[in-house]
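**Q** Structure provided below as structure tokens; questions to follow.
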Amino acid sequence: MRLLEMITLIMKVAFRNLWLYRVKTLVIGTLLCLGTFLGVIGFSLLRDVEGSMRESIIGSIAGHLQIYSDKAKDDLALFGGGFMGRSDIGELPDIVPYREVAMANPNVQAFVPMGLDMSLLGRGNEMDESLDLLREALKNQDPVAIQTRIDAVRFQLEQLKKEAAEQKKLAADVAIIEQREADIAKAEAPGFLDDLKTVDEAKLQFLETKIAPLSGEKTPIYLGYIGTDISIYQKNFSKFHVIEGQDLPPGQRGILLAHRARENFLKVIVARLFDRLNKRLVATNIKIKGDAENERNAADLARQYSAIISSLSRDQASDLSKKLTDFGINGAKPDQDLITHLTSQLKEFLTVNDENFRARHEWFYKNIAPLIKLYEISPGETITLRAYTRSGYVKSLPLKVYGVYSFAGLEDSDLAGQTSIIDLVSFRELYGKMTEASQKELAEMRAQVGIKDIEASNAEDALFGEASQAQIETRSLEAKPGPVEAVINIKPTIPDRFDLDEVTRGLALNAAIKLKDPSRLAQTQEELIQAFKDKGLGVRVVDWQQASGIVGQMVNIMRLVLVLALGVIGLVTLVIINNSIIVGTLNRIREIGTMRAIGAQKSFVVGLFLGETCVTGLIGSILGAILGAVVLVLLSKVGIPAVNDVVSFLFSGPRLYPNIRWDIIIATPFVITLVATLSSIYAARLAARVQPAEAMQEKE
Amino acid sequence: MLRKGTAILGVTLSVSLLSGKALALDEAQTKDLIKLVDERQRATGDYASVVFIDQKEKDGSTKAFEARVYRRDADDKWMILFTKPKAEAGKGYLRVEKNLFLYEPALGKWERQTERASIAGTNSRRDDFDESRLSIEYEAKFIGDEKLGKFGVHRVKLTAKPGVDVASPIVELWIDQDSKNILKRQESALSGKLLRTTYYPGWDKMFSKSKGSDVYVPKEIRVFDEVEKGNSTTVVLRDVKLDPLDANMFTKAWLESQSR
């Protein structure tokens with residue numbers, strides 16, 4: 001029998017058997033179909049995610065490669081660990097030799113020095129802000145501003161009085177509340193506020209120390225930032241763009257706020273809650289009712305009425321109350337005083353559900369947002385960054401906010417948008433590195449006072465030991481009389497410029513390296529490792545995926561999960577295939593024996609069983625691939641929504657639109673069929689061992 | 001002629017002073033000792049001095065400040081104004097009762113802070129420059145008599161009284177048996193973890209008119225951080241003045257005016 005004829009015969013018999021044993025065929029076919037479907041979808045999405053994540057990480061802050069000190073105690077983690085905790089990645093004491101080595105490699109396009117750190121932003125409450133403005137108006141002797149500010153303080157006092165009355169009903173220690181009420185009454189009394197025409201320290205100090213603390217404390221904010229040579233950074237990181245304000249000019253000290261950090265921490269809480277609900281409702285279509293997170297946010301939103309009222313003047317409050325009435329929000333008792341009425345109106349307005357949310361969200365941004373300070377910090381203002389040096393000391397530095405930036409496509413990703421950007425010179429100051437001039441000044445001060453260096457280990461001996469000159473008690477005849485003056489002959493200024501040369505040398509913690517040809521990444525990495533080693537520069541050279549920390553490992557984790565899932569499906573399928581062939585063999589002993597008796601070779605029997613698996617595999621897996629392709633086509637039209645911020649970062653945007661990858665769609669069914677067919681060889685060989693005589697003895 | 005009671009008191013005091021080195025202090029004596037420590041440092045009127053703060057970090061970097069400290073215990077007010085180095089000049093803290101305000105002269109802005117914040121990020125805190133209130137804030141327990149270098153000292157453990165807000169819940173003092181000055185102070189967390197060790201190698205006593213007796217002022221304070229080993233701060237006090245200060249000094253306006 002010629003091979004072709006044998007294959008044709010095998011196929012005919014195989015097709016007949018597939019129909020004859022259709023339940024078995026259906027089970028195996030379905031499993032192979034499912035496996036192929038998952039394989040096509042999974043590997044296509046994995047490749048898309050890998051691509052978009054690479055784009056997110058390389059294009060935002062990592063570059064293709066990162067270098068940092070080999071003395072680092074922790075691994076560099078640009079997107080993980082670095083935000084909430086401070087990792088110790090050592091330092092590059094002077095970037096010059098590192099840049100020279102890196103730029104000598106023909107595939108290196110740019111060397112971008114960096115440093116990652118975080119600072120604390122202190123914040124006063126609404127009353128602190130109102131009193132600051134009142135003090136300013138009194139200093140400037142502006143009668144209109146003074147009156148406006150006094151009105152604002154009065155309005156806030158009214159609210160505090162109402163809050164105190166509420167607290168009194170619940171408080172265990174009524175005396176404390178009564179003291180508060182007495183303080184508020186003093187501030188409200190005729191002749192206290194209305195007589196303020198100039199800075200009256202006694203009155204202002206009373207308001208600032210007795211009244212302001214009653215408005216509660218805001219929690220401090222930790223602001224992560226990256227210090228870099230901003231001009232080189234902007235040229236090499238394509239995803240970076242300023243969305244509000246202006247670029248940080250070269251040679252200028254300042255900060256560009258991260259869009260997401262500003263939205264998440266510096267935006268007024270009521271707006272943040274509206275945003276969060278809107279994002280989930282619109283982007284991911286998750287309803288409020290039934291979703292724990294949405295319900296929690298909605299409940300929080302309903303409690304934000306006092307934050308709105310405390311930032312309004314009386315006129316604004318009155319106007320808002322009328323507008324709310326026009327909008328159909330009447331509150332409980334319209335005949336009550338303004339604060340009580342507006343409170344009940346706002347409580348009602350802020351109680352949102354799936355039906356009213358969109359309209360109220362829109363109304364909030366149109367009518368309430370313009371009345372309140374939506375962000376605590378905006379471009380043009382100056383903020384004080386307070387950073388902890390490595391040893392825990394605090395260093396503070398005022399910096400002008402030039403703009404707000406984001407990464408293209410990652411505007412909504414919290415993971416990518418938390419790190420603000422400051423100039424490298426300011427970074428070094430906050431990090432605790434002193435300039436030469438400061439070091440000289442410090443040495444002079446120390447010499448003037450004449451302090452001896454003493455180590456903790458021998459402090460007791462040095463200070464009180466036998467050899468010490470300790471004179472525990474001495475007498476000054478009398479405290480020296482005379483005026484106490486401390487007038488400082490320096491007008492402190494906010495440092496605003498630096499010599500451009502300063503960022504080309506000096507300290508950095510790490511550096512990003514951009515490549516001309518990214519396809520030669522691994523080779524360049526090896527070359528750089530060797531080049532740094534040859535020059536005696538102790539650094540670690542890591543790729544973007546390693547540098548990004550846990551985020552970079554996510555694709556590996558996803559791949560592992562996918563392969564494991566496919567592996568489990570594959571294993572189950574193979575066991576079922578083998579079992580069904582073995583059971584089929586037992587059922588078909590007479591048939592096999594007959595075939596063998598009329599001259600069928602063992603190879604024919606093996607071929608028959610392999611043919612059956614192959615045909616089942618082809619039909620099932622091609623069907624699976626077609627299904628997978630159809631789903632991919634649909635997804636490429638509608639996109640897959642990023643359900644949370646991490647996914648949004650992985651997708652490099654709010655939705656992932658998968659590509660139709662024909663190589664995967666075509667290859668997967670063939671690979672699956674081949675694996676299934678090969679795995680049934682053992683069972684087929686078992687079947688081929690059936691002897692004709694043995695088969696003939698079998699009873700039907 | 002001495003009255004009987006006075007004579008007994010005199011004898012008791014003499015005995016206790018003579019035998020101070022040999023005998024342990026009982027509860028009442030320990031309490032009195034801490035009261036004495038507070039009382040000797042108490043300046044009833046105003047207080048002003050120049051302080052020099054020198055700090056070393058474990059990584060070898062250093063920082064130094066010169067500042068003026070002003071105190072008015074009667075009103076529970078306190079102020080520190082930095083004069084050197086140039087980058088810090090004009091910065092100041094003003095404390096009025098429980099409120100601590102930080103002034104940033106470059107911005108012309110004030111910020112209310114927590115009272116326990118460290119001063120300008122140094123290892124020193126506001127209570128390093130503040131009135132001593134140990135007997136009010138802590139319960140004292142005598143631990144034993146020891147040697148600190150060549151000096152014989154009473155070792156006393158202080159535990160914060162319930163409900164009192166203090167920077168350190170547990171404080172141990174090594175008090176010079178002869179002069180009754182604190183030579184060493186260790187602060188620990190509730191868990192017992194040692195936080196910092198402070199040495200007072202010299203005290204100056206001066207007569208205060210308003211108090212009508214001597215006021216004891218440390219000349220130098222050495223603070224060693226026990227958490228971040230290797231960090232230390234030295235505070236040197238100079239030009240202590242106990243004369244009344246201007247009535248309007250403890251205000252934001254006064255502090256602002258100093259850097260104009």
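**Q** Which residue is modelled with the highest pLDDT, if the candidates are limited to the stretch A:56-73 and must be of a type in the set (S, T, N, Q) and surrounded by 24 or more Cβ atoms within 10 Å (Cβ to Cβ)?
**A** A:Q66
**Q** So which residues in the stretch A:225-248 are among the small types (G, A, S), touching a helix residue (DSSP H, G or I) at 6+ places or on another chain (Cβ under 7 Å) and in a strand (DSSP E or B)?
**A** Passing the criteria: only A:G227.
**Q** Please specify each residue of the stretch A:100-114 satisfying the condition of being within 16 Å of A:V503 (Cα to Cα) and touching a helix residue (DSSP H, G or I) at 6+ places or on another chain (Cβ under 8 Å).
**A** Once the filter is applied, which keeps residues that are within 16 Å of A:V503 (Cα to Cα) and touching a helix residue (DSSP H, G or I) at 6+ places or on another chain (Cβ under 8 Å), the stretch A:100-114 yields A:A110, A:F111, A:V112, A:P113, A:M114.
**Q** Quickly run through the stretch B:212-232 and pick out the residues that are closer than 17 Å to A:E460 by Cβ and either under 19 Å from the mean Cα position of the chain (by Cα) or buried (at least 20 other Cβ atoms within 10 Å of the Cβ) (or both).
**A** Those that are closer than 17 Å to A:E460 by Cβ and either under 19 Å from the mean Cα position of the chain (by Cα) or buried (at least 20 other Cβ atoms within 10 Å of the Cβ) (or both): B:P218, B:E220, B:I221, B:R222, B:V223, B:F224, B:D225, B:E226, B:S232.
**Q** Please work out which one of (1) surrounded by fewer than 20 Cβ atoms within 10 Å (Cβ to Cβ); (2) assigned to a helix (DSSP H, G or I) is the condition A:Y98 fails and give its number.
**A** (1)
**Q** Hey, another quick one. State all residues of the stretch A:261-276 that are in a helix (DSSP H, G or I) and open to solvent by less than 30 Å² (accessible area, probe 1.4 Å); if no residue qualifies, say none.
**A** A:A261, A:R262, A:E263, A:L266, A:V270, A:A271, A:L273, A:F274
**Q** Let me spell it out: the conditions are (1) among the small types (G, A, S); (2) loosely packed, with under 15 Cβ neighbours inside 10 Å; (3) at positive phi, and A:S318 meets all of them except one. Which number is the exception?
**A** Answer for A:S318: the failing condition is (3).
**Q** Still on this structure, I have one more. Which one is surrounded by the most Cβ atoms within 10 Å (Cβ to Cβ), of the residues in the stretch B:55-88 that are more than 8 Å from chain A (Cβ to nearest Cβ) and in a loop (DSSP other than H, G, I, E, B)?
**A** By that ranking, first place goes to B:E88.
**Q** Test B:E172 against the criterion of being part of a strand (DSSP E or B), of a type in the set (D, E), open to solvent by 20 Å² or more (accessible area, probe 1.4 Å) and more than 7 Å from chain A (Cβ to nearest Cβ), and give yes or no.
**A** For B:E172, the condition - part of a strand (DSSP E or B), of a type in the set (D, E), open to solvent by 20 Å² or more (accessible area, probe 1.4 Å) and more than 7 Å from chain A (Cβ to nearest Cβ) - is met.
**Q** While we're looking at this one, here's another question. For the subset of the stretch A:281-307 comprising residues that are in a helix (DSSP H, G or I) and open to solvent by less than 20 Å² (accessible area, probe 1.4 Å), which member is nearest to A:T340 (Cα to Cα)?
**A** Among those residues, the one meeting the criterion is A:L301.
**Q** A further question on this structure: Taking the criterion of being open to solvent by less than 20 Å² (accessible area, probe 1.4 Å), of a type in the set (V, I, T), touching a residue at least 12 places away in the same chain (Cβ under 8 Å) and out of contact with any Asp or Glu (no Cβ under 7 Å at 6 or more places or on another chain), would at least one residue in the stretch A:191-201 satisfy it?
**A** No, the conditions are met nowhere in the stretch A:191-201.
**Q** Follow-up. Kindly establish whether A:I255 is closer than 30 Å to A:R99 by Cβ, out of contact with any Phe, Trp or Tyr (no Cβ under 9 Å at 6 or more places or on another chain) and open to solvent by less than 20 Å² (accessible area, probe 1.4 Å).
**A** Answer is no for this residue.
**Q** With part of a strand (DSSP E or B) and either charged (D, E, K, R) or away from chain A (no Cβ under 13 Å) (or both) as the only criterion, which of B:K205, B:K211, B:K180 stands out?
**A** Only one candidate qualifies: B:K205.
**Q** On to the next question. Quickly run through the stretch A:502-522 and pick out the residues that are without any contact (Cβ under 8 Å) to a residue 40 or more places away in the chain and open to solvent by 70 Å² or more (accessible area, probe 1.4 Å).
**A** A:S519
**Q** Which helices (runs of 4 or more DSSP H) does the stretch A:411-525 wholly contain that include 3 or more residues that are at the interface with chain B (Cβ under 7 Å from one of its Cβ atoms) and modelled with pLDDT of 75 or more?
**A** In the stretch A:411-525, A:436-449, A:459-464 are the helices (runs of 4 or more DSSP H) which contain 3 or more residues that are at the interface with chain B (Cβ under 7 Å from one of its Cβ atoms) and modelled with pLDDT of 75 or more.
**Q** Looking at the stretch B:233-245, which of the residues that are within 8 Å of another protein chain (Cβ to nearest Cβ) and not in a strand (DSSP E or B) is most open to solvent (accessible area, probe 1.4 Å)?
**A** B:D243
**Q** Going through the stretch B:214-232 one residue at a time, which ones are part of a strand (DSSP E or B) and more than 15 Å from B:Y47 (Cα to Cα)?
**A** B:E220, B:I221, B:R222, B:V223, B:F224, B:D225, B:S232, listed by residue number.
**Q** Please go through the stretch A:131-152 and pick out each residue that is out of contact with any Lys or Arg (no Cβ under 7 Å at 6 or more places or on another chain), of a type outside the set (D, E, K, R), free of Cβ contacts under 8 Å to residues at least 24 places away in the same chain and open to solvent by less than 80 Å² (accessible area, probe 1.4 Å).
**A** Answer for the stretch A:131-152, where residues must be out of contact with any Lys or Arg (no Cβ under 7 Å at 6 or more places or on another chain), of a type outside the set (D, E, K, R), free of Cβ contacts under 8 Å to residues at least 24 places away in the same chain and open to solvent by less than 80 Å² (accessible area, probe 1.4 Å): just A:A145.
**Q** Is there a residue being within 43 Å of the chain's Cα centre (by Cα) and in contact (Cβ under 8 Å) with a residue 24 or more places away in the chain anywhere in the stretch A:170-183?
**A** Checked against the condition, which is being within 43 Å of the chain's Cα centre (by Cα) and in contact (Cβ under 8 Å) with a residue 24 or more places away in the chain, the stretch A:170-183 yields at least one hit.
**Q** Can I ask one more? If a residue must be closer than 29 Å to A:T474 by Cβ, among the hydroxyl-bearing types (S, T, Y) and at pLDDT 90 or above, how many such residues does the stretch B:159-197 contain?
**A** Adding up the residues that qualify gives 1.
**Q** Could you list all residues from the stretch B:237-260 that are modelled with pLDDT of 90 or more and of a type in the set (V, I, T)?
**A** B:T251, the sole residue that qualifies.
**Q** Just wondering, is there one or more residues in the stretch A:323-340 that are of a type in the set (D, E) and within 21 Å of A:E163 (Cβ to Cβ)?
**A** Yes, the stretch A:323-340 contains a residue that is of a type in the set (D, E) and within 21 Å of A:E163 (Cβ to Cβ).
**Q** Can you name every residue in the stretch A:347-380 that is among the charged types (D, E, K, R), at pLDDT 90 or above and either in a loop (DSSP other than H, G, I, E, B) or on the phi > 0 side of the Ramachandran plot (or both)?
**A** Answer for the stretch A:347-380, where residues must be among the charged types (D, E, K, R), at pLDDT 90 or above and either in a loop (DSSP other than H, G, I, E, B) or on the phi > 0 side of the Ramachandran plot (or both): A:D354, A:E355.
**Q** Scan the stretch B:138-158 for residues that are under 17 Å from the mean Cα position of the chain (by Cα) and either open to solvent by 40 Å² or more (accessible area, probe 1.4 Å) or at pLDDT below 90 (or both) and report the count.
**A** 1
The values are calculated or read from the model by the stated rules, or taken from the named source; none is laboratory data. The model shown is predicted, which means the values in this text are computed figures rather than measured ones. All Cβ positions, glycine included, derive from the backbone under ideal geometry; neighbour counts span all protein chains shown. Just so you know, the surface numbers come from the protein's heavy atoms only, side chains and all, with ligands and any DNA or RNA stripped out. Shrake-Rupley method; radii C 1.70, N 1.55, O 1.52, S 1.80 Å.
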